[in-house]
Amino acid sequence: MVLPSEPEFEQALGELTLSIGPFLAANPSYQKAFEIVQIPERVLQFRVVWEDDQGRAQVNRGFRVQYNSALGPYKGGLRLHPSVNLSILKFLGFEQTFKNALTGLSMGGGKGGSDFDPKGKSDGEIRRFCVAFMSELFRHIGQDTDVPAGDIGTGAREIGFLFGAYKKLRNEFVGVLTGKGAHWGGSFIRPEATGYGLIYYVEHMIPLACPEYPLTSPTTLVAISGAGNVAQYTALKVIELGATVISLSDSRGALIAEEGFSKEVIEKVGSLKLKGGYLESYAEFAPEEQYKYYPGQRPWTLLPKVHIALPGATQNEVSGEEAEALVKAGVRVVAEGSNMGCTAEAIEVFEASRRQGAGGVWYAPGKASNCGGVAVSGLEMAQNSQRLTWTPAEVDAKLKGIMGSCFETCLNAGTKWSGEELTEGVLPSLLYGANVAGFIKVANAMKEQGEWW
């Protein structure tokens, strides 16, 4: 059913298989739903030919994986990065299906993108690529069919170019893409949503896992990886609440601040990344004596002490060895801002620590802890349908409510279906809870629609 050349998808499928094992043992009829749900409803692949600034034809591969529509239109981002392939997009679409279910909103799961790299390209080249990409994709999407969004490499600029191309091709102004500009159909809080939502989820974990390390205390040390949209707004929310952010990273290395990042430096990192820069040039905007850069490394083994770790870069960015280093450094909460940010080996390290009871690590998978981004995308769809724009305070309040409900759903399902006896001091598995709760919701909808029996 899966190919050896799909390692990321196999990893995601393996995680779900393990997590829902106790539930399937008690409810064997759902085995058929599990066999069906792991196969995408539709996989689209096409070529994208565009013109560079020298007038030469360039070609990339374009994809859209329409995974599951049991709960609503396909919903998921478009990733533009050289690493994009079907394995990664199938894993992301599979995860997206259950993540969207956990938001409580009417959204199915999908993912797409291209192996096009926006870095180093001019605005004109990016615009011509987006027009060429949309000239094929527009046939397969729509406000009630499939609503793509941004992702790695696809920010506000790219969404604008893609939307403009769609509007011309279809001659209609509809909410077919999310992440639009706030003054032409977008939603307030959308750029911040994944990072903010991650912190709102973690705020529910802390009272049960480590009440001595609240995010309102400057002595609480928070490690973050990544330096893009998710990591930036995660860091800004942590700083706003009062805790100390001690790390960021990108594909070239890690930047450590033992005394903590300031809001001003985080904002300068944001400007740097918009220009395609890297953290290695941090000395241009941050005092060298307060920060230390480690080329070719990730933060996790560089921190002698950390209380909360938030992977926010890309998939499989925390290895088993790095997880052990975090445990040794005193981490108590690990929550993913990226999708499948931890390897299977890292997750087992964290889960083993949790099972030891008080003082262990409580781990939250990305399909739960980072669902705030797609939640606000869903709220953007709702605003578009009503031709309304909600205030930032209204959207933020709805986001907080969604993340709170998602946490409670994961906690309750984890308590019931972890397949282990929860002795005093042992917290339920949020990994099992998120996977089981998301699967049950999707499977039940599919059954009622006649997709399995």
Open item on the list: Could you sort the peptides 245-251, 444-450, 184-190 by per-residue average Cβ neighbour count (10 Å cutoff), highest mean leading?
Closed with: 245-251, 184-190, 444-450
Task: Heavy-atom accessible area per residue - the stretch 40-170, 1.4 Å, Å² - done: 36
Task: Label zone at residue 61 (point 7 Å along Cα-to-Cβ), backbone N below 18 Å, the stretch 109-132 - done: 111-118
Open item on the list: Compute for the stretch 191-291: radius of gyration divided by Kirkwood radius, i.e. Rg/Rh, restricted to C-alpha atoms, rounded to two decimals.
Closed with: 0.97
- [ ] For an R0 of 30 angstrom, estimate the FRET efficiency from the Cβ-Cβ distance between residue 274 and residue 42 and round to the nearest 0.05.
- [x] 0.30
Task: Pairwise label distance in nanometres, residue 216 with residue 416, each label 7 Å out on the Cα-Cβ vector - done: 3.3
Task: Additional length obtainable on full extension of the chain from residue 387 to residue 348, 0.36 nm per residue less Cα span - done: 9.4 nm
TODO: Would you work out the charge dipole size for the stretch 78-203 about its Cα centre, treating the Cβ of every Lys and Arg as +1 and the Cβ of every Asp and Glu as -1, and quote it to the nearest 20 debye?
DONE: 300
Task: Apportionment of accessible area to carbon and sulfur, the stretch 40-170, percent (1.4 Å) - done: 46
TODO: In whole Å, largest first, what are the principal axis extents of the Cα atoms in the chain?
DONE: 62, 60, 45
Task: For the chain, calculated [θ]222 nm from helices alone, where every DSSP H run of n ≥ 4 adds -39500 (n - 2.57) - done: -14000 deg cm²/dmol
Task: Per-peptide average of other Cβ atoms within 10 Å, ordering 400-411, 160-171 highest first - done: 400-411, 160-171
Task: Label-point separation, residue 54 to residue 208 (7 Å along Cα→Cβ), nm - done: 5.7
Task: DSSP-defined beta bridges in the chain - what % are antiparallel, rounded to 5 - done: 60
Open item on the list: Per residue, how big is the convex hull of the stretch 69-193 when only Cα atoms are used? Give it in Å³.
Closed with: 106
Open item on the list: Please list, in order along the stretch 165-173, the HN-Hα scalar couplings obtained from phi with the Karplus expression 6.51 cos²θ - 1.76 cosθ + 1.60 (θ = phi - 60°), rounded to whole Hz, x for Gly and Pro.
Closed with: 5, 4, 4, 6, 5, 9, 6, 8, 10
- [ ] Provide the per residue accessible area, probe 1.4 Å, for the stretch 300-344, rounded to a whole number of square angstrom.
- [x] 30
- [ ] Please get the size of the charge dipole for the chain, origin at its Cα centre, with Cβ charges of +1 on Lys and Arg and -1 on Asp and Glu, quoted in debye to the nearest 20.
- [x] 1260
Task: Calculated P(r) of the stretch 192-364 - Cα pairs past 29 Å, % - done: 11
Task: Span per principal axis, largest first, for the Cα atoms of the stretch 16-79 (Å) - done: 62, 23, 16
Task: Solvent-accessible area, 1.4 Å probe, carbon plus sulfur percent, for the stretch 192-364 - done: 49
Task: Top positive-direction residue, dipole computed over the chain with Cβ charges, set 313, 138, 391 - done: 138
Open item on the list: Checking a compactness column here: for the stretch 297-453, what do you get for Rg(Cα) / (2.2 N^0.38 Å), N being the number of residues?
Closed with: 1.18
Open item on the list: Among 359-365, 333-339, how do they line up by average Cβ neighbours within 10 Å per residue, starting with the highest?
Closed with: 333-339, 359-365
- [ ] Could you provide, to the nearest whole Å², the per residue accessible area of the stretch 182-278 with probe 1.4 Å?
- [x] 39
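The values are calculated or read from the model by the stated rules, or taken from the named source; none is laboratory data. As the structure is a computational prediction, the values presented were derived from the model and not from experiment. Counting neighbours? That spans all protein chains shown, and the Cβs are built from the backbone with ideal geometry, glycine included. Accessible surface is based on the protein model in full, side chains and every heavy atom, while ligands, DNA and RNA are left aside. Shrake-Rupley method; radii C 1.70, N 1.55, O 1.52, S 1.80 Å.
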